[in-house]
Amino acid sequence: MIDYEAYEASFETRAERRQRARPGGKSRPKPASAAAELSDRLDASSYEFQPTYKSASNDHFEHQWIVDALSGFYYDKLIDDVLRAVKGGKEASVYCCAAHASTGVEFIAAKIYRPRMFRSLKNDAVYREGRGIAALSGKTIAARDRRAARAVHQGTRFGQELRIGSWIGHEFETLRRLYDAGCDIPKPYAQANNTIVMEYLGDDANPAPTLNQVALEPDEVRPLFDQILRNVELMLAQHRVHADLSAYNVLYWEGAIKLIDFPQAVDPRENPHARALLARDVERVCQYFARYSVKAAPVELAKDMWRRYMRGAEMDA
Ligand SMILES: Nc1ncnc2c1ncn2[C@@H]1O[C@H](COP(=O)(O)OP(=O)(O)O)[C@@H](O)[C@H]1O
Ligand SMILES: [Mg+2]
């Protein structure tokens with residue numbers, strides 16, 4: 001059962017939360033003595049998540065947004081701190097975090113979506129077709145859950161945010177599935193509300209560039225091309241088409257590549273546009289490698305992959 005109240009509340013601003021808490025809300029129990037009160041306060045402040053990262057403009061809203069999105073991962077001992085912004089986009093911003101010692105890695109990437117910034121929702125119908133509403137837990141909300149369906153349908157704010165939550169839950173599920181299958185993607189760690197935390201590619205000074213930002217050595221061109229197509233096929237075997245693949249969504253770090261950015265990935269068993277989206281993915285990969293004189297026939301490549309996939313799907317059935 002999904003706790004809608006809690007979910008809805010997770011998108012409230014602080015002001016809204018305060019407002020809701022005020023009338024008849026319970027106040028905190030008073031500590032027994034001044035000493036107890038002091039120690040209470042010290043405890044709370046040493047435990048409170050206070051990331052050191054400050055945006056260039058010292059944007060208070062961004063700071064609060066980061067604290068809201070990442071505190072849970074801090075208390076869960078996944079991250080210790082937020083170090084720098086990697087990239088701020090219209091839909092999501094990615095931050096480099098210091099990882100908690102228990103993770104065994106130095107850095108972790110946090111991708112935080114902006115529910116309130118999602119006013120310019122691009123038409124997502126093509127990608128959503130055939131997809132259930134994935135709840136934040138990643139589980140699909142039962143079709144009989146009319147409240148959710150109605151909210152999404154009517155485009156209420158809650159509905160819109162549920163829809164965004166659905167994208168994020170879907171992205172995390174996809175990452176997990178593909179990572180487990182051995183695809184070259186960042187290791188996913190956790191997802192909650194509007195945030196995904198995953199393996200960070202890069203070092204403390206520099207996040208990994210995307211493939212379109214690097215100049216490849218001649219001898220790495222063909223192996224990387226083959227590796228990306230191998231990944232496309234591996235994804236297909238997992239019933240996934242990336243659907244927004246290009247050199248902008250491939251990270252390059254120390255000679256190796258990883259595919260990123262999966263919210264729009266589709267399942268070819270359910271989405272009628274999957275074949276066309278696969279063809280576009282392959283086409284864009286070929287386009288990028290053409291500048292290194294890789295000769296490829298994208299239409300045939302995609303057709304071939306699709307045929308093999310369909311044969312596999314028949315054998316599965
Ligand atoms: N795991 C990661 N490690 C390092 N940088 C990352 C990672 N994931 C994303 N980035 C950076 O953040 C940018 C945006 O991430 P992406 O998932 O492509 O979201 P979108 O394109 O929707 O904003 C990427 O182009 C890349 O520069
Ligand atoms: Mg991207």
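With charges only on Cβ, +1 for K and R and -1 for D and E, what is the dipole size of region 217-317 about its Cα centre, in debye, rounded to 20?
So the dipole magnitude of region 217-317 works out to roughly 300 debye.
Per residue, how much accessible area does region 199-317 show when a 1.4 Å probe rolls over the protein heavy atoms, in square angstrom?
For region 199-317, the solvent-accessible area averages 50 Å² per residue.
Which pairs in the list Lys90/Lys258; Lys54/Lys258; Lys90/Lys295; Lys111/Lys303 are over 32 Å apart, alpha-carbon to alpha-carbon?
Lys90/Lys295; Lys111/Lys303
Using the Cβ atoms and a cut-off under 13 Å, what net charge is assigned to the surroundings of Asp316, where Lys and Arg are +1 and Asp and Glu are -1? Working shown, then result.
Values: positive: Arg269, Arg308, Arg311; negative: Glu314.
Charge balance near Asp316 sits at +2.
The values are calculated or read from the model by the stated rules, or taken from the named source; none is laboratory data. Worth saying up front: this structure is predicted, and the values here are computed from it rather than measured. Using ideal geometry, Cβ is built from the backbone for each residue, glycine included, and neighbour counts are taken over all protein chains shown. We work out accessible area using only protein heavy atoms, side chains counted, and drop any ligands, DNA or RNA first. Shrake-Rupley method; radii C 1.70, N 1.55, O 1.52, S 1.80 Å.
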